[in-house]
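Asker: Attaching a single structure in structure tokens format; questions to follow.
The numbers here are math on the coordinates, done by the rules we state, and not lab data. As the structure is a computational prediction, the values presented were derived from the model and not from experiment. Quick reminder, even Gly has a Cβ in these numbers, built from the backbone with ideal geometry, and neighbours come from all protein chains shown.
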Amino acid sequence: MALSDVMLATFGNLGYIAEVQATGKTRGALGNDLYGAYGQSYECADGRKVMVVVISNKHWRGLGKATGLGEKLEMIGPLLNVDLNTEGGRFEEREAIDAVVRPWFTAHDSEGATKLLAEAGMLVGGFQTFEELVTSDPRCSTENPMLTEIDQPGVGRVLAPRVPLKFCETPAADALPAPALGGDAAGGVRIRTRTRCGCARSVAIDLGRLLREVIGLAG
């Protein structure tokens, strides 16, 4: 699989390609806004931030339920002549939605806000540093079957990911340590050459020995 194809598939699925074709323009920076729907980050009373995403109408109702601002949110649509029961409508008037709900977040700590939103069926998650992810998040531990521990030469014991794709009949293979520098050379390679008479022959070469004895490099 070509990495360029992965790139193009990702850009296409996110709408960047079609947007240029349809409008002739490149999408501008949106910060943490979710393009085409409603999503935004909010700073809470404890200074920590949470990300909230509204995709379905169930999420939209959940936002109003969790914050107690359902009636005020429903007033935005008629006032601005936009259908907030659509993803596009919520994206179009995202600033108005922000203005209504942001004070609620500043009045709640991140843990309490996350709990209330999750209980209402919302898509919500807190921001965390990589240190917090590795040391505190159980998803980034061996409790998650995607991760396993390996002994990495020169580093020590570390977490390493298996392939994240899951197939019911094919269990994911364990992660393997990366080889030490030059480690792959010790196994040798096989090079196809031709004799003077034109016959093909296969020659095994120990690259490690070649480096040590012929080139004179340290093993």
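Asker: Rounded to the nearest 0.05, what FRET efficiency is calculated for Ser56 and Arg139 with R0 set to 30 Å and r the Cβ-Cβ distance?
Answerer: 0.80
Asker: Looking at segment 112-170, which trypsin sites (Lys or Arg not before Pro) are DSSP coil and have at most 12 other C-beta atoms within 10 Å of their C-beta?
Answerer: Lys166
Asker: For the pair Ser4 and Val163, what calculated FRET efficiency results from E = 1/(1 + (r/R0)^6), where r is the Cβ-Cβ distance and R0 = 25 Å, to the nearest 0.05?
Answerer: In this case the efficiency is close to 0.75.
Asker: Once all Cα-Cα distances of segment 105-189 are split into 5 Å bins that start at 0, what whole-number percent is in each one?
Answerer: Over segment 105-189, the share of Cα pairs per 5 Å bin runs 2, 11, 13, 14, 15, 13, 11, 8, 5, 3, 2, 2, 0, 0 percent.
Asker: Student exercise: in segment 35-177, how many lysine pairs 8 or more apart or on different chains have Cα atoms under 29 Å apart?
Answerer: 9
Asker: With each pseudo-label sitting 7 Å past Cα toward Cβ, what's the Glu132-Ala99 distance in nm, one decimal?
Answerer: 3.0 nm
Asker: If you don't mind, another one. What Kirkwood radius, in Å to one decimal, follows from the Cα pairs of segment 18-117?
Answerer: For segment 18-117, the Kirkwood estimate is 14.3 Å.
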